[in-house]
Amino acid sequence: MKNRPSLQIVLTFLILILMGTGLLYFFGFSKNFKQDKGVHALFISTSAVCVTGLSTVDTENDMTTQGHIILIFLIQFGGIGVLTLSNWLLLSIKGRLNSAQSQSTASSFGTITKLPMGKLLKQIIIFTFIVEFIGALILFFRFILVFPFSKALWYAVFHSVSAFCNAGFSLFSDNLVGYKGDLTVNLVIMFLIVAGGIGFIVVSDVYETLKSRWRGRVVSLTLHTKIVFYTTGFLILGGFVFFMVLEWNNILQKESPVTKILESMFMSVTPRTAGFNTIDVGQLTNISIIVTMLLMVIGGSPGSTAGGIKTTSGAIFWALISSNLRNRDNVELFNRTIPYPTIAKALTIITLYFLTAFACTTLIEAYELLSVSAINSRRLFIEHLFEVISAMSTVGLSMGITSKLSDFGKIIIILCMFFGRVGPLALATSLIGERKKLTYTLPKEDIIVG
C-alpha cells in the first residue's frame, strides 16, 4: 500500500466514515428518534466526510449537541482532507515528506504545485482557518442579534466551517430559507463557498504571484489558475442570469428586488458544490432544475473542498470541442496547448462520472419503483437523477426525496457520495492498482467516426 497513494486515500476516507458512523450511532441522535439508527448514522457520516450535505434526518431536531459536534469535526476533516492533516503532522515531526507521501498528497489535491509540499501544506492550514474564522466572526455578529451568546457563537462556527468545506449542513430545519433576504448571511455564505471551492493550489499561486510582483519580479499566474478563475466567473454569472430569468415569475415572484437578486446569486453559487439552499428546490421550473444539475456536474475546482468533474475538466472538454470545430490539431486554452495526457484524464473523469450516474440512477429506479406504474414513475425519474448527481458531485441539494428512499436507495446514494469525494480516477486506480507506463507504442491506424 506504500506505493499506492490512491488506495491510501480510499482507505483513509473509509476509516473516517466508519469511525463517524459509530460515534453518531451511540451519541448522535436524540432520545425521541425512533428509527433504525444504523443506516442513518452511516448515511450522515458519509455525507459529512464527503462534505455533501444530504441528510436523512432533521439535523436540528433529530440530533443531539454531541451529534452536531461530531458532525462538524467530520466535515472539517473531510473538507481539508485527512491526508493533508496527516502529512502536515508528519511534516511537523520529521521536517520533510518522502516521495511516496508527496505523491499521495499531490494525488489528493488533483494537481501538481510548483511549491515545496511542506510550504503548501502550511498555507492550506493557515488559509483554511483564517477564512473560517473571518466567516464565523461576521456570522456571529449577525446571529447575536437573535440568539443568546453561546448559541450565536456555535451557529456561527458551524455554518462557517460547513460553508467553507462546501458541506451544506445547517443547524436550521429549513436550512437557510429563513435567511433568504438577509444580505449578511447570504454574502458571507457565498464567499465561504467560493473560497472553499476555488482550490488550494489557486490560492497558493495567487499569493506567490502577488508576493513576487511586490518584490519586483515579473511572474504570471499559471494556466491552471487562469482557467479556474475564468470558468468559475462564467458559471456564477451565467447561472445568476439564468435563474433570474427562469424564476422571476415563478419562485421569486413574491419577493422584493433585493431578495430576488440574492436568491438568484445564491442558487448560482450553491450547486457548485455547497448544498445550502434559500429556496425549495422542488419548486423550481424544469429548466432551472436542468441548469442546477449542469452546475452540480461541473462542480468546483481541483484541490478544493468541492466535488463534480471540476471546472478544469469542463474547460478542457469545451476547448476540445472548440478546437475540433475550428479544425485545429491541438487543444488550446489561453494561447497554450493542452497535453494529450491531461485531455485523456479529463475525458476519463467525465466518462466515468456519467457512466456511474447512469448505473446508480438505473438501480434506484429499478428498486424504488417496483410497485409503481410506468406512467406514475416518470415524474420521479427527475428526482432520482437529481439526487444521484447531487450525491456524486457532493452538493447536498435535494428535491425532497432523501428521507423517502428505501435502505437500498440510501446505500446507493452513500456509494455515490463516496465516489464523488474520493474521485473516479483515485477509486479506479485503488481497485486495479497503479500501472507502469509502457515504453513502446503500437502501430497507428485510422478509423472513421461521426
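Out of segment 378-420, which residues are at positive phi and buried (at least 16 other Cβ atoms within 10 Å of the Cβ)?
Result: THR394, GLY396.
Considering only segment 161-213, state which residues are under 17 Å from GLN76 (Cα atoms) and in contact with a Pro (Cβ under 8 Å, 6 or more places away or on another chain).
GLY199
Is it the case that segment 133-148 has a residue that's of a type outside the set (Phe, Trp, Tyr), in a helix (DSSP H, G or I) and within 16 Å of VAL51 (Cβ to Cβ)? Walk me through it before giving the result.
Of the residues in segment 133-148, the ones of a type outside the set (Phe, Trp, Tyr) are 134-139, 142, 144-146, 148.
If we keep only those that are in a helix (DSSP H, G or I) as well, we get 134-139, 142.
Of the ones still in play, those that are also within 16 Å of VAL51 (Cβ to Cβ) are 135.
Within segment 133-148, one or more residues are of a type outside the set (Phe, Trp, Tyr), in a helix (DSSP H, G or I) and within 16 Å of VAL51 (Cβ to Cβ).
In this structure, is GLY282 closer than 25 Å to PHE169 by Cα, modelled with pLDDT under 90 and either touching a strand residue (DSSP E or B) at 6+ places or on another chain (Cβ under 7 Å) or assigned to a helix (DSSP H, G or I) (or both)?
So GLY282 fits the description; yes.
Per-residue answers, yes or no, for (1) of a type outside the set (Val, Ile, Thr); (2) surrounded by 14 or more Cβ atoms within 10 Å (Cβ to Cβ); (3) without any contact (Cβ under 8 Å) to a residue 40 or more places away in the chain; (4) closer than 25 Å to GLY420 by Cα:
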residue: SER220; (1), (2), (3), (4): yes, no, yes, no
residue: VAL245; (1), (2), (3), (4): no, no, yes, no
residue: SER264; (1), (2), (3), (4): yes, yes, yes, no
residue: GLN283; (1), (2), (3), (4): yes, no, yes, no
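Need the failing condition index for SER301 against (1) exposed (fewer than 15 other Cβ atoms within 10 Å of the Cβ); (2) in a loop (DSSP other than H, G, I, E, B), just the number.
Result: SER301 passes all but (1).
Within segment 184-218, work out how many residues are in a helix (DSSP H, G or I) and among the basic types (Lys, Arg).
Residues flagged as in a helix (DSSP H, G or I) and among the basic types (Lys, Arg) within segment 184-218 amount to 2.
Scan segment 25-51 and report the pairs whose first residue is modelled with pLDDT under 90 and whose second residue is among the β-branched types (Val, Ile, Thr) and surrounded by fewer than 18 Cβ atoms within 10 Å (Cβ to Cβ), with Cβ atoms within less than 8 Å and a gap of 6+ or a chain change.
Matching pairs, first to second residue: SER30/THR64.
Inside segment 341-377, can you point out the residues that are surrounded by 14 or more Cβ atoms within 10 Å (Cβ to Cβ), hydrophobic (A, V, I, L, M, F, W, C) and either more than 24 Å from ILE411 (Cβ to Cβ) or in contact (Cβ under 8 Å) with a residue 60 or more places away in the chain (or both)?
Within segment 341-377, ILE343, ALA346, LEU347, ILE349, ILE350, LEU352 meet the criteria.
Every residue in segment 219-228 that is among the hydrophobic types (A, V, I, L, M, F, W, C) and outside any loop (DSSP other than H, G, I, E, B), please.
Hits for segment 219-228 are LEU223, ILE227, VAL228.
Return yes when THR259 is touching a Lys or Arg at 6+ places or on another chain (Cβ under 9 Å), β-branched (Val, Ile, Thr), closer than 20 Å to ILE193 by Cβ and in a helix (DSSP H, G or I) and no when it is not.
yes
Right, LYS310: crowded, with 24+ Cβ neighbours inside 10 Å and touching a residue at least 12 places away in the same chain (Cβ under 8 Å) or not?
Considered against the rule, which asks whether it is crowded, with 24+ Cβ neighbours inside 10 Å and touching a residue at least 12 places away in the same chain (Cβ under 8 Å), LYS310 comes out as yes.
Here are some residues: GLY110, GLY95. Which one is at positive phi, over 21 Å from the mean Cα position of the chain (by Cα) and at pLDDT below 85?
The unique qualifying residue is GLY95.
Residue by residue through segment 42-58, note down the ones that are over 20 Å from the mean Cα position of the chain (by Cα) and either crowded, with 24+ Cβ neighbours inside 10 Å or among the β-branched types (Val, Ile, Thr) (or both).
VAL57
Does at least one position in segment 316-330 carry a residue that is surrounded by fewer than 22 Cβ atoms within 10 Å (Cβ to Cβ) and basic (Lys, Arg)?
Within segment 316-330, one or more residues are surrounded by fewer than 22 Cβ atoms within 10 Å (Cβ to Cβ) and basic (Lys, Arg).
Condition check: among the aliphatic types (A, V, I, L, M) and touching a Gly at 6+ places or on another chain (Cβ under 6 Å). Does VAL388 satisfy that? Before you say what the answer is, go through the steps one by one.
Details: among the aliphatic types (A, V, I, L, M): yes; touching a Gly at 6+ places or on another chain (Cβ under 6 Å): no.
No.
I want to confirm something. Restricting to segment 20-41 and keeping residues that are closer than 18 Å to ILE412 by Cα and of a type in the set (A, V, I, L, M, F, W, C), which single residue is surrounded by the fewest Cβ atoms within 10 Å (Cβ to Cβ)?
Filtering segment 20-41 for residues closer than 18 Å to ILE412 by Cα gives 21, 36-41.
After this cut, where a residue has to be of a type in the set (A, V, I, L, M, F, W, C) as well, the list is 39, 41.
Details: VAL39: 18, ALA41: 24.
Result: VAL39.
The values are calculated or read from the model by the stated rules, or taken from the named source; none is laboratory data. For clarity, every value in this text was computed on a predicted model and none was experimentally measured. Please note: Cβ atoms are built from the backbone with ideal geometry, for glycine as well, and neighbour counts cover all protein chains shown.
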